[in-house]
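Beneath this line is the structure, given in structure tokens, with notes to follow.
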2 protein chains.
Amino acid sequence: MKAPRQADVARLAGVSQSAVSRVVSGDIDRIPEETQERIRAAVKELGYVPNAAARNLRNKRNRLLGVHTFESVFPHAREDFYFEFLLGIEERAEEIGYDLVLFTSTGTSDGRRRIYRDGTNRLNLADGTVLLGAATDREELARLWHDGYLFVHIGRREVAGAEIPCIIPDYVSAADSLVASLAERGHRHFAYLRSGIEQEAYADRRAGYRNAIERLGLHDRSPGYRGEPELTEEWLDELAAGPETAVVAENIGLAEQLRTGLAARGLSIPADVSVAVLEGSGDEPGHRWDCLVIPRKEIGRIAIDALVARVENPDAEPVSQLVACDLVAGETVAAPRVEE
Amino acid sequence: MKAPRQADVARLAGVSQSAVSRVVSGDIDRIPEETQERIRAAVKELGYVPNAAARNLRNKRNRLLGVHTFESVFPHAREDFYFEFLLGIEERAEEIGYDLVLFTSTGTSDGRRRIYRDGTNRLNLADGTVLLGAATDREELARLWHDGYLFVHIGRREVAGAEIPCIIPDYVSAADSLVASLAERGHRHFAYLRSGIEQEAYADRRAGYRNAIERLGLHDRSPGYRGEPELTEEWLDELAAGPETAVVAENIGLAEQLRTGLAARGLSIPADVSVAVLEGSGDEPGHRWDCLVIPRKEIGRIAIDALVARVENPDAEPVSQLVACDLVAGETVAAPRVEE
DNA sequence: TTGAAAGCGTTACCAG
DNA sequence: CTGGTAACGCTTTCAA
């Protein structure tokens, strides 16, 4: 009842083991029909199935791609953060005939997941891995890169001394276009609502915003623009009294706070102030914000393609890719109120 | 830049390869502290990481569990069918330190997934696999079993000549209790709404229902009870005129049809007829049906445990397990109307 | 056309 | 306590 090996097949078919190997792996150019038949018959009779581990050891290939998140996938999938990425990843992997390993084993007690644990890197089970995470651990990323491990990261992540190949939502352009479209509607005076988060994704938004403001000769005197993540009562007073007609917020939470603050001052969105958000708002309750949407599923697919390109051609340079975000219209942007 | 092997470490540390192997894999009982130190230093210096494929070949173990669905996981995950199972599977796998392989590579053009493709069974990449599917292919199941492959199936699945280890929602008891609770409320005359589906899960519901009806001396003269999946106008007329006060439906769809049919006859649920459903209703819109709920997440966890038990002790007999379902009260069951 | 044999990187058994 | 050495199952080169 033990799993048969090629040797067993060979014996039964009365050929050599290498002949079996050739037939099984499709390298049949120089093997007579008749021999092939016999081998295939023996394979069937014995129920022979190639041993994956041995193949991997030989071939250094698995057709196995890893997916590593620094936190557990599914609970969050619900919340839509990983979910759409996974959708694309699975879809594309299926199309091109790769299996997926979910690295779950590396969970630590605090719910975080590590790549390296007692010196072992489970990731090398796979031919390459897609890393995705809000919570990416930079040290591990650096080590992984220095170890020459094959991976791509979803989302931009800078690590000194390493050139991480990333699939990056193009927040720079998205923020820029958002401002441009507001400007087209006639807005001249802007304010920027900055969160406390310091991460590449936010740096990108800020860069794009600043670009557009400067390029188009617009005005912004908000603390957010200067680099302070403040949404104070004082500033709200200033905003209410000032020339600003448009506000760009880094996330929905800030936008909601703004709405509340404005309402308290008798101002409404978008009648008095237009607001756009640099984050997808999904199908949240309440008003539908004008915002950007990250093509998560597409990014998942692209990540797989980028990874596989490298797996199948290890000499290829690891390169990062920008993926355009769409802007979607909501109900929170209008033309500026006419100033006398 | 090539990945270092144990041999390299051994050379650098000036010891034998087997010493390295021992230290790396924690079998250090009989190796002097001092030697260990040297080896560990060499490991770190070289950035040595054990090769998974080689280990697997040797050990016949991966700490890798497969998950195979006969259709793609994620799209459906959304629809809540696989999702909750996956939640439990991931959670438990993480707890006990196993990784998960998602077998996606086996997709065929029609969206179905096969286990065996041109003779190769990718599943043997994993130490064992959880199969889950509404759409399980019985032939493949049988072959898998005959090949002696280690797996468990979520949901009951009978295959002639094979004893498939399954994790089974206990529909028999659930249906029985459902009827019993209806009987306790005073219902004596029942009707059963049967779907056209012929599958173990439905056979179980029917068995449980029949049990309870007979055991409790209740009455049912419906076509569904006799084995005909009919919900015709004629029968609705009979129902409206007859003594039945309670209807048990195999699924929500049938229950909804029933509601419509009854409404057309001036009858309402639960005032005139009580209705309970042998399927979880989740958070669907409309009335909340009295129904059962399958503890999907728990089943996922149990499946992993059952699988791992076998992986870690292959001599263990493959056994199936029943998992109790809860009954949840909705708004569609009441005491029977009083028949003078 | 076929087959023998040399690895792939580890582990584990046994002599030293 | 240590270090050869023989597998593990497969692929591929090289000779016959």
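Derivation of every value follows stated rules applied to the coordinates shown; laboratory data play no part. Computed from a predicted model, the values in this text were never measured in an experiment. All Cβ positions, even for glycine, are placed from backbone atoms using ideal geometry, and neighbour counts span all protein chains on display.
Sorted from closest to farthest, the other copies place their B:Ala160 label points 7.1 nm away, with each point set 7 Å from Cα along Cα→Cβ. Treating r as the C-beta distance of A:Ala142 and B:Ala241 and R0 as 56 Å, the FRET efficiency rounds to 0.10.
About its Cα centre, the range A:171-293 has a charge dipole of approximately 360 debye under the convention of +1 per Lys or Arg Cβ and -1 per Asp or Glu Cβ, with nothing else charged.
The same position A:Asp315 in the other copies lies at 5.4 nm from this copy, comparing label points 7 Å beyond Cα toward the beta-carbon, shortest first.
Using the Cβ-Cβ distance between B:Asp27 and A:Asn211 with R0 set to 56 Å, the FRET efficiency works out to roughly 0.40. Running a GNM on chain A with Cα contacts under 10 Å, which residue among A:Asp127, A:Asp29, A:Asp272 ends up with the highest mean-square fluctuation? The residue that fluctuates most here is A:Asp29. The distance linking the range B:197-269 with the range B:119-170 is 33 Å (Cα centroid to Cα centroid, whole angstrom). Under a 5 Å amide H cut-off, with hydrogens placed 1.01 Å from N, B:Ala246 pairs with B:His189, B:Ala191, B:Ser274 among residues at least 5 apart or on other chains. Of B:Glu34, B:Glu228, the sequence from fewest to most neighbouring Cβ atoms within 10 angstrom is B:Glu34, B:Glu228.
Inter-copy label distances for A:Thr260: 4.5 nm (label point placed 7 Å from Cα along Cα→Cβ; shortest first).
Taking 51 Å as R0, compute the FRET efficiency from the Cβ-Cβ separation of B:Asn313 and B:Arg265 and round it to 0.05. With R0 = 51 Å, the Cβ-Cβ based efficiency is 0.30. Of all DSSP bridge pairs formed entirely within the protein assembly as shown, close to 20 percent run antiparallel. Convex hull volume of the C-alpha atoms in the range A:171-293, normalised per residue: 95 Å³.
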